[in-house]
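*Asks:* Quick one: the structure is below, questions incoming.
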Amino acid sequence: MKAVKDPKVKLTLSIKKSAVENAREYADKHHISVSSMVEEYLGSFQETEPDGQRKADIINSLFGILKDSPMRNMTDREIKDMMMKDKYGI
C-alpha cells in the first residue's frame with residue numbers, strides 16, 4: 001500500500017521583523033528551514049503522547065515553571081555566564 005503524501009500549502013503570516021530574523025539565524029545554525037520549523041511547531045498541536053496527552057498541552061504546562069526560581073531575576077547573559085563558570089570552572 002502506498003503512503004498518501006500530505007500536500008503542502010502556502011501560508012502568509014504577519015510577524016515582527018526581529019522575530020523573522022532570529023528564526024532565520026536559528027534555522028541557519030541548525031541547517032533547517034524556517035518553514036520546517038513552523039510546520040513542526042504547528043504539527044505539535046495534533047500529535048499525542050502514548051498516554052493520549054497532546055504535546056502542546058505538555059509544552060503549555062511548562063510555561064511559568066521557573067517563576068519562583070532564583071534565576072528569574074537574572075538576564076540571559078548572566079545565566080549563560082553562570083553555566084559557563086560551572087561547566088568550565090572559569
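*Asks:* With θ set to phi - 60° and the Karplus curve 6.51 cos²θ - 1.76 cosθ + 1.60, what are the ³J(HN,Hα) couplings of segment 25-36 in order, to the nearest whole Hz, using x for Gly and Pro?
*Replies:* 4, 4, 4, 4, 5, 9, 6, 9, 9, 4, 4, 5
*Asks:* Here's another thing I want to ask about it. At what distance in nm do the modelled label points of ALA27 and ARG72 sit from each other, each positioned 7 Å from its Cα along Cα→Cβ?
*Replies:* Between ALA27 and ARG72, the simple spin-label model gives 3.5 nm.
*Asks:* Counting Lys +1, Arg +1, Asp -1, Glu -1, what net charge surrounds ILE79 among other residues with beta carbon under 14 Å of its beta carbon?
*Replies:* Values: positive: ARG72, ARG77, LYS80, LYS85, LYS87; negative: ASP76, GLU78, ASP81, ASP86.
Summing Lys/Arg as +1 and Asp/Glu as -1 gives +1.
*Asks:* Here are some pairs, LYS17/LYS85; LYS29/LYS80; LYS29/LYS87; LYS10/LYS80; LYS8/LYS29; which of them have Cα atoms lying more than 30 Å apart in this structure?
*Replies:* Working: LYS17/LYS85 34 Å; LYS29/LYS80 18 Å; LYS29/LYS87 23 Å; LYS10/LYS80 38 Å; LYS8/LYS29 25 Å.
Too far apart for the 30 Å limit: LYS17/LYS85; LYS10/LYS80.
Values quoted throughout were computed directly from the atomic coordinates according to the rules given, and no laboratory measurement underlies them. Owing to the predicted nature of the structure, the values given are computational and were not obtained by experimental measurement. Quick reminder, even Gly has a Cβ in these numbers, built from the backbone with ideal geometry, and neighbours come from all protein chains shown.
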